[in-house]
1. Kindly provide the set of residues from region 56-76 that are assigned to a strand (DSSP E or B) and either loosely packed, with under 13 Cβ neighbours inside 10 Å or touching a helix residue (DSSP H, G or I) at 6+ places or on another chain (Cβ under 8 Å) (or both), ordered by number.
2. Answer yes if at least one residue in region 133-140 is part of a helix (DSSP H, G or I) and of a type in the set (G, A, S), and no otherwise.
3. Out of everything in region 80-89 that is surrounded by fewer than 14 Cβ atoms within 10 Å (Cβ to Cβ) and at negative phi, what residue ends up being nearest to the chain's Cα centre (by Cα)?
4. Restricting region 156-194 to residues that are among the acidic types (D, E) and in contact (Cβ under 8 Å) with a residue 60 or more places away in the chain, which is nearest to Y100 (Cα to Cα)?
5. Give the residue, chosen from G242, G230, G281, G247, that is under 17 Å from L210 (Cα atoms), without any contact (Cβ under 8 Å) to a residue 40 or more places away in the chain and among the small types (G, A, S).
6. Scan region 260-271 for residues that are farther than 14 Å from A55 by Cβ and modelled with pLDDT under 95 and jot them down.
7. So for region 97-117 (the condition being acidic (D, E), under 30 Å from K212 (Cβ atoms) and surrounded by 13 or more Cβ atoms within 10 Å (Cβ to Cβ)), does at least one residue qualify?
8. Any residue that is of a type in the set (S, T, N, Q), modelled with pLDDT of 90 or more and surrounded by 14 or more Cβ atoms within 10 Å (Cβ to Cβ) - is there at least one of those in region 29-37?
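The values are calculated or read from the model by the stated rules, or taken from the named source; none is laboratory data. The structure displayed is predicted, hence computed values, not measured ones. Neighbour counts are summed over all protein chains in view; Cβ atoms, including those assigned to glycine, are modelled from backbone coordinates with ideal geometry.
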Amino acid sequence: MPTNEKRSWKWISVVATVLLVGAGIGWWLYRRSQDGTQYQTAAVLRREIIQSVTATGQLNPVTNVTVGSQISGIIQTLYVDFNSSVKKGQLVAEIDPATYRAIVQQTQGDLANAKATRDLAQVNAKRSKELFEAKLVADSDYDTAMATLRQTEATVLMKEASLSMAKVNLSYCSIYSPVEGTVISRSVDVGQTVAASLSAPTLFVIAADLTKMQIDANVAEADIGTIAEGQAVDFTVDAFPGRLFHGKVTQVRNAPITVQNVVTYDTVISVDNSDLKLKPGMTSNISIIIEQRDSVLQIPNAALRFRPPELTTNTTAQAAVPGAGGLRTRLKSERRTDRTIYVLKTNKLLPVKIKIGISDGVYTEVLGNELQESDNVVTAILKQGRETTTSNPFSGGTRLH
């Protein structure tokens, strides 16, 4: 074989060998990367955090006055309608007064008759007294005349009272507004008969001042301990989804409200409604601000729940052995504010003891200097690899192979 051909075959063999070795190394590196555990991490942030309690409630006027009727009858005239503005003492409705006017006239006649009977009894009593003093009538006749006089005088008093009552009922035919405000409900129409035999029927509901309203929010018993008067409140209503309204806690009522074994407490929130955008009865989604802090370190709550598989297995095994302590012992030894999280650095899981502060339900404040903004905390495992543990998680980290 010629020398040039031998050299060519030698170079081809060298190149093929290099390619095969490179392919083997690449495949080994690829398999190594695929065999490693992949973690989901989140960066430690520094920003504002707000701890709040959420609830729902209903918007109501601060003062609602129900205007009713003390007498029965037919509605003759209505002077106001829905959304009408009324003044205190303004005439708002009239009941047909014909029946009550007739009763007044009847009682006036009864009173006049009673007075006439009384006058006659007075004359008879005077005459009987003169005859009695002259000893011309018996004692019994004199006593009867005086008793008859007193009876007629009592009858006059009763008729006068009946006339006063009839006049009062006649005055009730005219219904006036007791407060200044806005009519938010009208329950009757002209020609409708109202019956006040058992209870006063409702004719109108008047809100005293719609520029000042309140929310009656139902706060769960688990959260009521953090609520106090004066706390700021943010809330939204479905009618204005892009607008955030504000209020303030003015009262936490002690009367419990139990619905299907769920206990809540009525929390009253004052609201300024100067632009009259909010309507009575609107459902509001409220957020009571318990505590607010600016520019603090935060981590996701998922980082507080994360535990490496090896630690979870070991603690589960310990908990299964009587007297070993296990997870319950560990939780008892750690205070609620002291937590262990895991930071990923150079493919190592490093356990870090931290103290936590307030939480907004998604992120939690980190106290102290154990974490920095550049750290990445582990929140979950994306892919479980086939690595082996070379060290205890609590003695310098878990090395991945």
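1. Within region 56-76, the subset assigned to a strand (DSSP E or B) is 56-61, 64-68, 73-76.
Within region 56-76, just G73 meets the criteria.
2. Our first condition is that a residue be part of a helix (DSSP H, G or I); within region 133-140, this holds for 133, 139-140.
If we keep only those that are of a type in the set (G, A, S) as well, we get 140.
Checked region 133-140: at least one residue is part of a helix (DSSP H, G or I) and of a type in the set (G, A, S).
3. From region 80-89, those surrounded by fewer than 14 Cβ atoms within 10 Å (Cβ to Cβ) are 81-83, 85, 87-89; that's our starting set.
From the residues that got through so far, the ones that are at negative phi too are 81-82, 85, 87-88.
Values: D81: 31, F82: 27, S85: 29, K87: 32, K88: 32 Å.
Top of the filtered list is F82.
4. Keep residues of region 156-194 that are among the acidic types (D, E), which gives 160, 180, 189.
Still in the list and also in contact (Cβ under 8 Å) with a residue 60 or more places away in the chain: 180, 189.
Working: E180: 29, D189: 21 Å.
It comes out as D189.
5. On the way: G242 fails: under 17 Å from L210 (Cα atoms); G230 fails: under 17 Å from L210 (Cα atoms); G281 fails: without any contact (Cβ under 8 Å) to a residue 40 or more places away in the chain.
Unique residue meeting the criteria: G247.
6. Of all residues in region 260-271, those farther than 14 Å from A55 by Cβ come to 260-261, 270-271.
Result: Q260, N261.
7. Looking for residues that are acidic (D, E), under 30 Å from K212 (Cβ atoms) and surrounded by 13 or more Cβ atoms within 10 Å (Cβ to Cβ), one finds none in region 97-117, hence no.
8. Start the filter on region 29-37 by keeping residues that are of a type in the set (S, T, N, Q), which leaves 33-34, 37.
From what's left, modelled with pLDDT of 90 or more: none.
No, region 29-37 has no match at all.
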